[in-house]
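The values are calculated or read from the model by the stated rules, or taken from the named source; none is laboratory data. Quantities reported herein were computed from a predicted structural model and do not represent experimental measurements. With ideal geometry, Cβ positions are generated from the backbone for all residues, glycine too; neighbour counts draw on all protein chains shown.
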Amino acid sequence: MSAPISNVRPPPDPLLADIADYALNYRAPSEEAMDTARWCLADTLACGIMALAYPACTKLLGPIVPGMTIARGARVPGTGCELDPVQAAFNIGTIIRWLDFNDTWLAAEWGHPSDNLGAILALADWLSRHQAAGVTPSAFQTEIRHLKSEISMRDVLLAMVKAHEIQGLLALENSFNRVGLDHVILVRVASTAVATALLGGSREQVINALSHAWLDGSALRTYRHAPNTGSRKSWAAGDATSRAVRLALIAMTGEMGYPSALTAKTWGFQDVSFRGRPVVLARPLGCHVMEHVLFKISFPAEFHAQTAVECAIKLHPEVRGRLNDIARVELTTHESAIRIIDKTGPLHNPADRDHCLQYMTAIGLIFGTLTADHYEDAVAADPRIDELRAKMVVTEEKIYSRNYLDAEQRSIANAVQVFFRDGSATERVELHFPVGHRRRRGDGIPLLKQKAAAAFTAHYGEEKSAQLISLFTDRAKLEAMPVTDFMTSLVR
């Protein structure tokens, strides 16, 4: 006869406790991290504003029930929506991620840490508007009575640093995609920790909320891979960050948590969803991720293809008049790119195309640029694209793959060379670091400002765009600004 199962509740899993302590107590990020965070905020909002031009995105926005609004709701940048914080987080997270143009973190797992801004902005705006009106949400009135009356943009930037760090460090050595799980689990975990802390949660409440985030399991990666690639990958992060707000609000009511949600034998996340592997933090939590985050600056392309597109654009002047004479195109890349975006056959929708290495490279060679519009049906109907895709040969360079995983390099290398029927060829163009990499930060930030200014101008007009860029340029002024004033400036 087997021994009875002990019903003694264990202490919280150490990982839950470590994340909770960090979310509640970390106060001193580096100057580099805070400086990067303000440009990350500008870039992330620019990505969201650009997405508002696409009906496939905007059809998902607004309240769950059409026409519904709430008093002192959270605002959604670029729109006139005022929503409850859960749905506002979904809206903000969805527009941020829609065009696959916001920041990236590449490691054993990858993802887009600025996806967490959905939870951060929605909660900060909603909570601040209630506090300014002297109205505290009754469900957890006693818990947040000690919070200050105004949440500043410095608080928002600090919350961004924390969310980036939690998501990014969990990604360093834990590869969820290798067991078929989608990386948005880390958006939910990071957003849950930061959201509960923003609400004034106690250590126990943050741990409880985090336990629920892990108990939710994870979405499958089916919607990111052939033959099922589709637009859910563009709203999955919005779904994750909004779920985090919901879990934070639940925890703030005093709802119980589950201390061994990760490690419980048979029933915990590690045994059920992670093949028995421990989920670990590779290094102490600080501000490493924000300092090293990768920006997508030049074009909206899955990050493993960024340097391939840049190489193709360099070759465009040489090949644009000889497209019919091309015999083959050699693409040399790294293992992760092959596993995720090496794709042949028909491409069925924009989400399918922006996750195809050959399609993105073909656009660069043919047009000398790459924008979100190039993924739409009107451009994809150009027969030259598929003709060029059919001539592409993709091979792995082992050194690229090793350097991709090297913590000191984190290169995202690609090389492109075009061969013509007459036996001639272009030079082999090779790039190891895209312009959004930390090693090219000096080149990247001016281009990031241009990207943001163009997005704001197209949506708000030149005057308001200039005001916003001026605000991001003056970090002291930005940090001192109440979040409610900042969100008001983004309403349209």
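Results, tabulated for the structure shown:
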| item | result |
| --- | --- |
| Residue in the stretch 79-91 that is surrounded by 22 or more Cβ atoms within 10 Å (Cβ to Cβ), under 20 Å from residue 210 (Cα atoms), of a type in the set (Phe, Trp, Tyr) and in contact with a Gly (Cβ under 9 Å, 6 or more places away or on another chain) present | yes |
| Residue in the stretch 210-221 that is over 20 Å from residue 14 (Cβ atoms), touching a Ser or Thr at 6+ places or on another chain (Cβ under 8 Å) and surrounded by fewer than 15 Cβ atoms within 10 Å (Cβ to Cβ) present | yes |
| Scope the stretch 239-274; condition without any contact (Cβ under 8 Å) to a residue 60 or more places away in the chain, surrounded by fewer than 20 Cβ atoms within 10 Å (Cβ to Cβ) and of a type in the set (Ser, Thr, Tyr); matching residues | 266 |
| Number of positions in the stretch 169-181 that are in contact with a Leu (Cβ under 9 Å, 6 or more places away or on another chain), in a helix (DSSP H, G or I) and either modelled with pLDDT of 95 or more or surrounded by fewer than 19 Cβ atoms within 10 Å (Cβ to Cβ) (or both) | 4 |
| Counted residues, the stretch 101-138 - those being outside any helix (DSSP H, G or I), at pLDDT below 90 and in contact with an Asp or Glu (Cβ under 8 Å, 6 or more places away or on another chain) | 2 |
| Long-range neighbours under 6 Å by Cβ, at least six apart or interchain, first residue over 16 Å from residue 351 (Cβ atoms) and in contact (Cβ under 8 Å) with a residue 12 or more places away in the chain within the stretch 39-56, second surrounded by 20 or more Cβ atoms within 10 Å (Cβ to Cβ) and β-branched (Val, Ile, Thr) | 44/96; 48/95; 48/96 |
| Residue among 219, 195, 236, 190 that alone is within 20 Å of residue 171 (Cβ to Cβ), free of Cβ contacts under 8 Å to residues at least 40 places away in the same chain and among the small types (Gly, Ala, Ser) | 219 |
| Qualifying residue in the stretch 340-350 (condition: modelled with pLDDT of 95 or more, assigned to a helix (DSSP H, G or I) and farther than 25 Å from residue 411 by Cβ) | no |
| Any pair with Cβ under 7 angstrom, 6 or more apart, that starts in the stretch 64-79 at a residue that is closer than 21 Å to residue 128 by Cα and ends at one that is crowded, with 24+ Cβ neighbours inside 10 Å and polar (S, T, N, Q) | 76/91 |
| Tally, over the stretch 109-123, of residues that are over 19 Å from residue 170 (Cα atoms) and small (Gly, Ala, Ser) | 2 |
| Test: residue 186 is among the hydrophobic types (A, V, I, L, M, F, W, C), assigned to a helix (DSSP H, G or I) and touching a strand residue (DSSP E or B) at 6+ places or on another chain (Cβ under 9 Å) | yes |
| Output for the stretch 293-318, where each listed residue is closer than 8 Å to residue 414 by Cβ and either of a type in the set (Ser, Thr, Tyr) or free of Cβ contacts under 8 Å to residues at least 12 places away in the same chain (or both) | 307 |
| Meets criteria (over 28 Å from residue 294 (Cβ atoms), in contact with a helix residue (DSSP H, G or I) (Cβ under 7 Å, 6 or more places away or on another chain) and either modelled with pLDDT of 95 or more or in a loop (DSSP other than H, G, I, E, B) (or both)) for residue 65 | no |
| Options 375, 400: the member that is within 26 Å of residue 46 (Cα to Cα) and of a type outside the set (A, V, I, L, M, F, W, C) | 375 |
| Answer from 385, 412, 399 - the residue that is within 24 Å of residue 322 (Cα to Cα) and of a type in the set (A, V, I, L, M, F, W, C) | 385 |
| Complete set of residues in the stretch 379-403 that are surrounded by 18 or more Cβ atoms within 10 Å (Cβ to Cβ) and either among the aliphatic types (A, V, I, L, M) or in contact with a Leu (Cβ under 7 Å, 6 or more places away or on another chain) (or both) | 380, 385, 388, 392, 394 |
| Residue 201, sole failed condition from (1) surrounded by 19 or more Cβ atoms within 10 Å (Cβ to Cβ); (2) within 19 Å of the chain's Cα centre (by Cα); (3) modelled with pLDDT of 95 or more | (2) |
| Scope the stretch 431-466; condition loosely packed, with under 14 Cβ neighbours inside 10 Å and of a type in the set (S, T, N, Q); matching residues | 450 |
| Test for residue 43: is it among the acidic types (Asp, Glu), within 30 Å of residue 87 (Cβ to Cβ) and either at pLDDT below 95 or part of a helix (DSSP H, G or I) (or both) | yes |
| Output for the stretch 46-62, where each listed residue is surrounded by fewer than 17 Cβ atoms within 10 Å (Cβ to Cβ) and not in a loop (DSSP other than H, G, I, E, B) | 55, 56 |
